[in-house]
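A quick write-up on the structure given underneath.
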Amino acid sequence: MAKVTRREFMRFSGTVVAGASLATMLDARQAPAQIRGTTLRMLKWSHFVPAYDQWFDKFAQEWGEKNGVRVLVDHIPHLELPARYAAEFAAGAGHDLIYFVGQILTGHYYRNLVDMTDVAGRLAKKYGGWMPSATSAAQVGGTWYGIPDFFIAIPILWRKDLFDQHGLAAPDTWEKFRTAARTLKPTGHPTGIQFSHCNDANHNWRAVLYCFGARETDPSGREVLLDSKETREALRFAKALYEEGMTPEVFSWDDAADNRYLASGVACCIHDAISAYRTTEDTNPEVFRNTFVLPEAAGPGGERRNVGEPNVWAIWKFSKNVAAAKEFVEYVGDHQKEAMTASRGYNLPFLLGQYQKPMPVIGTDPKLHTLQDIGKITSFFGYPGPMTPPAQEVLTSFIIPDMFTRVARGQDIEATVGWGMGEIRRIYSKHQAG
Amino acid sequence: MGEVSAGGKGERPAALAIGVPAARVAPRWWRSIAVRRFVFGYSLLTPAVLYVGLLVGVPFLFSLYLALSDASVGAPIARFVGIDNLLAAVESSSFRVALRNSLVFTLGAGIAKSILGTTLAFLLMQRFRGRKVVRALIVMPFTIPIAVSALGWKWMLDSQFSVINWALGRLHLIGAYGTDGWPVWLGQPALALASVMFVNVWRSFPFGAIVLMAGLTSVPPEVIDAAKVDGANFLQRLRQVIVPMIAPILLVGGLFDTVFTLSDISIVYLLTNGGPNGATEILPTLAYRVGIQAGALGRGAAISLFLFPLLLPAMVLLLRNLRRREW
């Protein structure tokens, strides 16, 4: 063993102590004194995991106590957020810190939102940069008008026991998914994906479209590209999947119906957020034991593209406490691991450095650990373009789920594509004219 | 009339000094009875005018302004675009479907409520034990918050756990779960529209019954008895005696119900959100989706304004009829 001199020992230990001290100082970064004695009001949605909201409220209060800021957190259902923002914007008053989920309105409000490029830059520097798709929800013209908080993945949940009984392979391709549904439906275990007006229908059918190689717009988000061979293939596939492997109840489903379908023991596989996994865990342990998770099924060309649900922070320009809002958002970004734990693995981070394995919750659950790589295949609506206002209107109008519904109900694919493109082009032309 | 007493302290009034009665002073015009009545009347009316003007007139004019502009939720300044938004709405097949559904929804539910409300009112007018309790129970659907009752119906019409299907299945009136014979109330286009109309009727027809009962109690029993003596049967009494006498109440109730049904967003929003494939989309849900959720305020306002030409003729006809009866 090499001999260490006293000088070398002192130099080494000094470097370690100095480094550790610097790291501690950085970690314990104090918010600027100017925010002491102020109030920070924020508006969030009511998270699907109630325990997460409890954790978050406590977390926010603790941050407030530490920094001398009075923190007020309001939670409302996510579908009510757009109306609330329209009212706050019209009044020029309201919460300091707001939150987009489901309807990402960064493109609508960016002229009235605070530039958060500084916060995005600091977080990127600390955590090795942002996922490429993060910019879609938060940037307009290269400027960060929002800070991505987390996204919700929509993977495949499948019943291994049922698949094994019939010698079926794990549904890691959409063709295997269809084969399994076709095989298991006659045994009383069909699959189910919403053909209705709900959030999940928007995510699920976009995932099928993108996996089949279809693209919603060009990368700039200005040109609609859905009138393609790949779109027709995806529609043809969905029609076959419905006829062979589903029952008509999928036309009435809301976002929670597929959770119940899995938890009731009927479904052989579904395409949904892990809320379905958690619901099953809490209500049907037997089914839960046999429920496994795959990040996404591959399309005919081998492409896997999961369509997630982004959650984004933003600050009104009329906010009375921009400094505290920015400090808090950065603080949240620094504590994504705790957020993942509190949300039982539901929240997934946008910062690349936070994907170090094992990740909290999903890294330690053998059935969820494959989700640790889902960030690499995650995109959002409008893909590969950003979430522009017209893309948002196409989303809220449910045109893509309606295209799939029409075809599943027996309408001609060409006529359906013609209808869908007509509606989508009309929306884009109105926005471009404005 | 007494003498005029005028003048200040220490001054002797001239009229008194010479012992001549004071000349009559003509009242100023604004103190005339006619003017005072006019002012008094309008001052009583002012709060109502202000209320209607501020809470109805101003929002209506604002929505008119929005409908003629390219306003969006994030743009503080909007451009005048004429009737572009109205044309854009008409060009959209989603809008045309929503318009058709709105008419079917309003007319269908209105007819059902008229029949059920009338029947219920006459039943509740009968004397029977527990009538007060039944009357109290019957108005419950109208008093329960709409979000609660709609969610209750959502469960009862659920595709998998529907208690209605369970009961019908036990009676062997429908097929087994998972087969084509199992009704999917909110998933099959015609059934979905019928379901949302049914919930609207269930919630509102007690209101119609109460309005009708209020009218019926105001009809003097002697008039009905006289009609009976004259040999009029029930339908003749209803058509030729009761309805003409309670017409003002019926017309106002009908007007209210038409407005509430045509602008009812909650039931559709909570049960189907306009799906499947627009089968239950109505103008209020479409306007909310386009104007608020998608942020296109101008186009959303234009869609909602299409309700106005639908409601206006109905209102004018009803109010003219009402006025004719009053005078």
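The values are calculated or read from the model by the stated rules, or taken from the named source; none is laboratory data. As the structure is a prediction and not an experimental result, all values here were calculated from the model. Here Cβ is always computed from backbone atoms with ideal geometry, including for glycine, and neighbour counts include all displayed protein chains.
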*Check off (1) free of Cβ contacts under 8 Å to residues at least 40 places away in the same chain; (2) more than 18 Å from B:Leu66 (Cβ to Cβ); (3) β-branched (Val, Ile, Thr) for B:Ile265 and give me the number that stays unchecked.*
(2)
_Number of the exception - B:Ala227 against (1) assigned to a helix (DSSP H, G or I); (2) modelled with pLDDT under 90_ = (2)
*Of residues in the range B:267-277 being buried (at least 24 other Cβ atoms within 10 Å of the Cβ) and closer than 20 Å to A:Gln392 by Cβ, the one farthest from the other protein chains (Cβ to nearest Cβ)*: B:Gly274
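Quick one: would you say B:Asn85 is assigned to a helix (DSSP H, G or I) and at pLDDT 95 or above?
Values: assigned to a helix (DSSP H, G or I): yes; at pLDDT 95 or above: no.
Criteria not met by B:Asn85.
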*Any residue at all in the range A:104-115 that is without any contact (Cβ under 8 Å) to a residue 40 or more places away in the chain, touching a strand residue (DSSP E or B) at 6+ places or on another chain (Cβ under 7 Å), at negative phi and not basic (Lys, Arg)?*
yes
*For the range A:354-375, does any single residue satisfy the condition of being in contact with a strand residue (DSSP E or B) (Cβ under 7 Å, 6 or more places away or on another chain), within 14 Å of another protein chain (Cβ to nearest Cβ) and surrounded by 21 or more Cβ atoms within 10 Å (Cβ to Cβ)?*
no
*Wholly within the range A:328-434, which helices (runs of 4 or more DSSP H) include no fewer than the required count, namely at least 2 residues that are touching a Phe, Trp or Tyr at 6+ places or on another chain (Cβ under 6 Å)?*
A:389-396, A:399-408
_So A:Gln165 ticks every box in (1) polar (S, T, N, Q); (2) within 25 Å of A:Gly353 (Cα to Cα); (3) modelled with pLDDT of 95 or more but one. Which box is left unticked?_
(2)
*Test each condition in (1) closer than 27 Å to B:Trp182 by Cβ; (2) surrounded by fewer than 22 Cβ atoms within 10 Å (Cβ to Cβ); (3) free of Cβ contacts under 8 Å to residues at least 40 places away in the same chain for A:Glu244 and report the one that comes out false.*
(3)
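Anything in the range B:183-196 that is facing another protein chain (nearest Cβ under 8 Å) and either closer than 24 Å to A:Cys268 by Cβ or in a helix (DSSP H, G or I) (or both)? List them, or say none. Before the answer, list the steps.
Our first condition is that a residue be facing another protein chain (nearest Cβ under 8 Å); within the range B:183-196, this holds for B:184-188, B:192.
The answer is B:Val184, B:Leu186, B:Gly187, B:Gln188, B:Ala192.
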*Please note which strands (runs of 3 or more DSSP E) are completely contained in the range A:66-167 and include at least 2 residues that are in contact with a helix residue (DSSP H, G or I) (Cβ under 6 Å, 6 or more places away or on another chain) and of a type outside the set (Asp, Glu).*
A:70-76, A:97-101, A:147-152
*Just for the range A:96-128: of the residues that are more than 21 Å from the chain's Cα centre (by Cα) and under 16 Å from B:Gly74 (Cβ atoms), which one is surrounded by the fewest Cβ atoms within 10 Å (Cβ to Cβ)?*
A:Arg111
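Here's the yes/no breakdown for (1) within 14 Å of chain A (Cβ to nearest Cβ); (2) crowded, with 21+ Cβ neighbours inside 10 Å; (3) not in a helix (DSSP H, G or I):
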position: B:Arg239; (1), (2), (3): no, no, no
position: B:Val243; (1), (2), (3): no, no, no
position: B:Asp257; (1), (2), (3): no, yes, no
position: B:Phe260; (1), (2), (3): no, no, no
position: B:Asp264; (1), (2), (3): no, yes, yes
position: B:Leu317; (1), (2), (3): no, no, no
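Pick out the one residue from A:Trp144, A:Trp205 that is over 22 Å from A:Glu393 (Cβ atoms), surrounded by 22 or more Cβ atoms within 10 Å (Cβ to Cβ) and at pLDDT 95 or above. Quick ask: steps written out before the conclusion?
Values: A:Trp205 fails: over 22 Å from A:Glu393 (Cβ atoms).
Only one candidate passes the filter, namely A:Trp144.
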*Which listed residue, of A:Asp258, A:Asp227, is surrounded by 24 or more Cβ atoms within 10 Å (Cβ to Cβ) and under 21 Å from A:Asp402 (Cα atoms)*: A:Asp258
_For the range A:85-95, check the following and say yes or no: at least one residue is in contact with a strand residue (DSSP E or B) (Cβ under 6 Å, 6 or more places away or on another chain), away from chain B (no Cβ under 14 Å) and at pLDDT 95 or above._
yes
_All positions within the range B:280-315 that are among the hydroxyl-bearing types (Ser, Thr, Tyr) and more than 10 Å from chain A (Cβ to nearest Cβ)_ = B:Ser304
*Sort out which residues of the range B:75-88 are more than 10 Å from every other protein chain (Cβ to nearest Cβ) and in contact with a helix residue (DSSP H, G or I) (Cβ under 6 Å, 6 or more places away or on another chain), and write them in order of number.*
B:Leu86
*Starting from the range A:31-43, keep only residues that are closer than 12 Å to A:Leu97 by Cβ and not assigned by TED's automatic domain parsing to the domain that holds A:Gly64, then list their pairs with residues that are among the hydrophobic types (A, V, I, L, M, F, W, C) and outside any loop (DSSP other than H, G, I, E, B) whose Cβ atoms are within a distance under 6 Å, requiring at least 6 positions of separation or different chains.*
none
*For A:Ala339: the one exception among (1) crowded, with 22+ Cβ neighbours inside 10 Å; (2) within 14 Å of chain B (Cβ to nearest Cβ); (3) of a type outside the set (D, E, K, R)*: (2)
*What is the residue count in the range B:234-246 for residues that are of a type in the set (A, V, I, L, M, F, W, C) and in contact with a helix residue (DSSP H, G or I) (Cβ under 6 Å, 6 or more places away or on another chain)?*
2
